[in-house]
Structures are given as structure tokens and as C-alpha cells.
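Shown below is the structure under consideration.
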Amino acid sequence: MNFSIKKISIVSCISGILIFSLCLISCEENGVSESAATIQYHRSAQLTNIYNNEISVLTKAFINETELLQQSAITFQQSTTSENLDATIALWKSSQSLWKQLELYDVGAIENTFISSEINFWPTNEIFINDNISGTATINEALITSLGASSKGISAIEYLLFSGDENTQILNSFTTSENAERRKQYLTGLTQNLSAKSKELNDHWENYEEDFTSSLENGISGTQNQMINAMITLIEEIIITKLGNPLGDTNGGIIEAERLEGYYSEFSKEIIEQHVISLERCYLGDFSQTPFRIGFDDFLILSGREILANQISDQFAVCKEELASISGSLEDEIIKNPDAVNDLKDTFRDLLVLVKVDMANILGSTITFNDNDGD
């Protein structure tokens with residue numbers, strides 16, 4: 001099925017309805033213009049689409065994947081083989097990929113729970129983790145739950161699974177090294193805690209669903225406005241934290257590859273790829289679970305800014321092309337060819353301007369203060 005043709009057809013239909021409604025601006029009932037009511041109706045449809053066909057789907061998939069990761073860690077603890085290590089690593093990668101799509105939606109009541117840092121605090125604190133492993137306290141899920149965010153979550157699991165140059169060296173850390181048994185216990189406890197947090201996240205979202213989909217006001221508390229700010233924040237994090245800092249932007253140009261998120265696993269490029277997938281789908285409302293795909297691009301078209309809508313879509317394509325041009329890992333590329341990583345960063349700067357300045361201004365969004373400023 002050609003989804004791009006389907007998207008164009010639906011966008012044309014939606015835009016036609018909305019533009020027709022704008023022509024009826026003088027028709028008011030109870031002080032609300034028909035055009036404003038129609039825009040609110042489609043804003044509600046957009047937010048319902050995001051929740052039903054992206055957030056809910058991703059959170060349930062995340063629950064499933066973290067449960068599998070937990071089961072794999074238990075199997076690895078009981079039978080510490082190279083095959084079981086590989087299986088656990090593969091499930092860590094799939095769990096991490098899902099989470100990197102979900103991170104965009106750390107907004108509103110979800111953000112206020114601070115559960116995101118419980119799931120993935122980066123960078124992890126290696127010293128704290130090793131101190132816990134070499135200590136005397138019983139290592140179980142209860143202990144992990146009591147620890148600070150920097151000692152648990154997805155990044156802590158990564159540190160344990162990839163703290164070695166070769167598979168054999170990693171395996172030895174769980175078999176013959178000092179505290180090998182406690183290291184396996186810590187890994188299992190981390191995965192158990194992560195699985196529990198994935199279910200907790202889903203519960204939070206189910207409680208927040210109604211407010212998320214019904215906050216239609218065009219202001220700081222409006223969900224659409226919050227999502228625009230979330231997109232901006234994530235793009236800025238990519239520019240500053242996930243690319244700029246490793247490139248030495250805050251260290252006199254000295255490359256610090258170890259500051260890449262996913263450095264141990266050499267999964268940094270894939271992390272950014274998942275962010276781009278999530279950002280683009282949110283912008284387009286393009287979720288495979290539904291044929292009704294209303295996104296931010298539709299609201300730009302409604303405002304008569306189809307050129308800008310296409311420019312943003314094109315810039316997403318440029319970002320993906322730059323990522324694809326990195327044939328190996330980002331960890332290798334930043335050492336061997338930092339100019340290519342700089343070029344990648346610049347593509348996200350261009351995307352940021354289009355979203356933060358142009359799109360936000362046209363949609364009347366209020367940009368909240370953010371410590372990350374990628375301008």
C-alpha cells in the first residue's frame with residue numbers, strides 16, 4: 001500500500017474541511033467561532049491519535065520487551081553462556097530503542113512523576129554501581145529500587161553488558177572476575193526494576209490519558225503546545241548533549257567520544273535514529289496503526305504554510321540521510337571523521353530553527369524556558 005498517497009489524500013481532505021471552516025468565521029454560537037471549534041476538534045483528533053496509536057502502543061511494547069529482558073537476565077544468571085549473553089544484549093537494544101521513541105512524550109503529568117529518570121538516567125554512575133556490587137548488602141530488586149537513578153535503569157544495564165572490549169572479556173566479568181556472582185545479581189535486579197517501571201509508566205499514562213487528549217487550549221498548559229516544546233527540547237538535546245558535547249563544543253574542541261550516549265554499546269547512532277523516528281512520526285501524525293493521520297504539518301497547511309510544512313518534512317529526510325551516511329558506529333566516526341559528525345549536528349540545527357522559530361510562531365505556541373539552547 002502506498003501510504004504517502006494515502007497521507008496526501010487525507011491531508012487534502014482535512015485541510016479542505018478546516019479551510020472551509022475558516023471561511024465561516026463570522027458564524028458564532030455561544031461566543032465560539034465555528035472555525036475555532038473545528039480547529040479544536042481536529043486538535044483533539046491529533047492528540048487522540050498520538051495517544052492511541054503511538055504512546056499507548058509504545059508503552060505496551062516497552063512492557064513486553066522489558067519483561068523479555070528480565071527473563072533473559074534470569075536465564076543468563078542461571079546459565080552464564082555466550083549465547084545467553086548475546087540474547088540479553090539483543091533484548092537490551094530493543095528495549096533501549098523503544099524507550100528512545102518514548103522519551104519524546106515525557107510531558108505534563110508524566111514529567112512530574114520523574115519516572116523517566118528512573119527508567120533511564122544518563123550518564124550512569126560507574127563508581128556507585130561498582131561500589132554496590134562490591135558491597136555486602138543483599139542484591140535484589142528491593143535494593144535496586146532504593147538506589148538513586150544514576151545507579152539503575154537502561155544505562156546501568158548497558159554498563160554491565162558492555163563493560164569490555166570483547167564478548168569473552170564481558171562474559172568473564174560475570175564468571176571469573178571478583179564479585180562475578182554479585183554482578184549477575186545486580187544485572188538481574190536492574191532488569192526486574194526496569195520491568196516494574198515500564199508497568200508503572202503505563203499506569204501513569206492510563207491515568208493521564210483524558211487530560212492529555214482534552215487539554216486543547218492554545219497556551220502553556222495545552223497539550224499541543226507541550227508537544228511542540230517536547231520536540232524542541234529533544235532536538236536541542238541531540239544538538240548539544242548527544243553530539244555537541246562529545247565533539248568538544250564545551251571543551252575547547254577536544255573530542256570526548258566517551259560522552260556519547262550509548263558509548264559502551266556503540267549504540268549512539270541508533271539512539272539518535274530512534275529519536276528522529278519518533279519526532280517525524282509526531283510531526284506527521286504518521287502512526288501505522290491508523291489511516292487517519294493528522295499531524296503538525298496539517299495545521300501548518302491549514303495556516304497557509306504548506307511550503308514550511310514541506311520544508312520541515314524535507315529536513316527530517318536530510319537528518320536521516322546524514323545519519324545513514326555514517327557507515328559504522330558514531331563512536332568510530334567522531335574519532336576518525338569529526339567533520340561528518342559536525343555536519344550531522346548542523347542538520348539538526350536547521351531542523352531546530354524550522355520547528356522552534358517558524359512552526360512554533362505560526363501555530364502560536366509558547367516556548368517554555370529550557371536549559372538546552374541549540375540556537
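The values are calculated or read from the model by the stated rules, or taken from the named source; none is laboratory data. What you are looking at is a predicted structure, and each value in this text was computed from that prediction instead of being measured. Positions of Cβ are backbone-derived with ideal geometry, glycine not excepted, and every protein chain shown enters the neighbour counts. These area figures cover heavy atoms from the full protein model, side chains too; ligands, DNA and RNA do not enter into them. Shrake-Rupley method; radii C 1.70, N 1.55, O 1.52, S 1.80 Å.
With all protein chains present, how much of the accessible area of region 251-375 (probe radius 1.4 Å) comes from carbon and sulfur, to the nearest whole percent? Could you put the intermediate results ahead of the total?
On the way: 2550 of 5550 Å².
Solvent-exposed carbon and sulfur of region 251-375 make up 46 percent of the total.
What is the extension gain from Ser134 to Val318, computed as 0.36 nm multiplied by their sequence separation minus the C-alpha to C-alpha distance, in nm to one decimal? Walk me through the numbers on the way to the answer.
Values: separation 184, 0.36 × 184 = 66.24 nm, distance 4.71 nm.
Taking 0.36 nm per residue and subtracting the Cα distance, the gain is 61.5 nm.
Another one. For the Cα atoms of the chain, what angle does the longest principal axis make with the long axis of helix 56-78, in degrees from 0 to 90, nearest 10?
Roughly 10 degrees between the two axes.
Let me have the relative contact order for the chain, percent, based on Cα pairs under 8 Å that are six or more residues apart.
20 percent.
Specify the residue with the greatest mean-square fluctuation among Gly295, Gly262, Gly164, computed from a Gaussian network of the chain linking alpha-carbon atoms under 10 Å apart.
Sorting by GNM fluctuation, first place goes to Gly164.
Moving on to the next point. Tell me the net charge near Asn337. Cut-off is 14 Å between Cβ atoms, Asn337 excluded, with +1 for each Lys or Arg and -1 for each Asp or Glu. Don't skip to the answer; put the middle values down first.
Working: positive: Lys269, Lys336, Lys345; negative: Glu322, Glu331, Asp332, Glu333, Asp339, Asp343.
Its environment carries a net charge of -3.
Here's another thing I want to ask about it. Ignoring ligands, DNA and RNA, what accessible area per residue does region 76-167 give at 1.4 Å, in Å²? All intermediate terms of the calculation are to be shown ahead of the outcome.
Details: 3820 Å² over 92 residues.
On a per-residue basis, 42 Å².
Moving on. Could you tell me the ratio Rg/Rh of region 156-200? Both radii from Cα atoms, Rh via Kirkwood.
Numbers: Rg = 11.7 Å, Rh = 11.1 Å.
Dividing the radius of gyration by the Kirkwood radius yields 1.05.
Here is a further query. Per DSSP H run of n ≥ 4, the term is -39500 (n - 2.57); total these for the chain, divide by its residue number, and report the mean residue ellipticity at 222 nm rounded to 500 deg cm²/dmol. Please report the intermediate quantities before stating the final value.
On the way: 17 runs with 238 residues, N = 375.
-20500 deg cm²/dmol, from helical runs alone.
Could I ask something else about it? If Lys and Arg each add +1 and Asp and Glu each add -1, what is the summed charge of the other residues whose beta carbon sits under 14 Å from the beta carbon of Ile115?
Values: positive: Lys152, Lys197, Lys199; negative: Glu103, Asp106, Glu111, Glu118, Glu200, Asp203, Glu206.
That works out to -4.
As an exercise, take the mean of 1/r over every pair of distinct alpha carbons in region 301-340, invert it, and state the Kirkwood radius in angstroms. The partial results should precede the final answer.
Numbers: mean 1/r = 0.0835 Å⁻¹.
So the Kirkwood estimate lands at 12.0 Å.
Straight-line reach only, C-alpha to C-alpha below 26 angstrom: list the lysines that Lys197 could link to, leaving out same-chain residues fewer than 8 apart.
Cross-link targets: Lys60, Lys93, Lys100, Lys152, Lys184, Lys242, Lys269.
Here's another thing I want to ask about it. Within a Cβ distance under 13 Å of Glu65, other residues only, what is the Lys/Arg minus Asp/Glu net charge? Walk me through the numbers before you get to the answer.
Values: positive: Lys60, Lys93, Lys100, Lys197, Lys199; negative: Glu67.
Overall, the nearby charge balance is +4.
Reported to two decimal places, what Rg/Rh ratio describes region 197-236 when computed on Cα atoms with Rh from the Kirkwood expression? The partial results should precede the final answer.
Working: Rg = 11.9 Å, Rh = 11.2 Å.
Result for region 197-236 is an Rg/Rh of 1.06.
Could you tell me the center-to-center distance, by alpha carbons, between region 330-353 and region 174-188 in angstrom?
Spelled out, the Cα-based centre of one part sits 37 Å from the other.
Continuing with this model, one more query. What is the distance in Å between the Cα centres of region 90-129 and region 256-311?
Distance between centres, Cα-based: 18 Å.
Kirkwood Rh over Cα pairs of region 227-375 into Stokes-Einstein at 25 °C, 0.890 mPa s: D in µm²/s?
Values: Rh = 16.0 Å.
The diffusion coefficient I find is 154 µm²/s.
Ranked highest first by average number of other Cβ atoms within 10 Å, how do 190-196, 225-231, 321-327 line up? Write down the numbers at each step before the final one.
Working: 190-196: 24.9, 225-231: 21.6, 321-327: 13.3.
Put in order of decreasing packing, that is 190-196, 225-231, 321-327.
Now, a different point. Please give the per residue accessible area of region 231-375, computed with a probe of 1.4 Å over protein heavy atoms only, in Å².
Numbers: 5990 Å² over 145 residues.
Heavy-atom SASA per residue in region 231-375 reads 41 Å².
Ratio of alpha-carbon Rg to the 2.2 N^0.38 Å globular estimate for region 323-374, to two decimals, please. Walk me through the intermediate numbers first.
Numbers: Rg = 14.8 Å, N = 52, 2.2 N^0.38 = 9.9 Å.
Expressed relative to 2.2 N^0.38 Å, the Cα Rg reads 1.50.
From zero up to wherever the largest Cα-Cα distance of the chain sits, split into 20 Å bins and tell me the percent of pairs in each.
It works out to 27, 53, 18, 2, in whole percents.
Taking springs between alpha-carbon atoms closer than 10 angstrom, which of Gln274, Gln70, Gln311 fluctuates most in the Gaussian network model of the chain?
Comparing Gln274, Gln70, Gln311 in a Gaussian network model of the chain, the most mobile one is Gln311.
From largest to smallest, what semi-axes in whole angstrom does region 199-288 give when each is the square root of 5 times an eigenvalue of its alpha carbon gyration tensor?
31, 16, 13
Given a 1.4 angstrom probe, I'd like the percentage of the accessible area of region 86-130 that is carbon and sulfur, rounded to a whole number. Provide the component values of the computation, followed by the final result.
Numbers: 1080 of 1790 Å².
That share works out to 60 percent.
Among Thr233, Thr113, Thr176, determine the one that fluctuates most according to a GNM of the chain built with springs between C-alpha atoms less than 10 Å apart.
Looking only at Thr233, Thr113, Thr176, the largest GNM fluctuation is found for Thr176.
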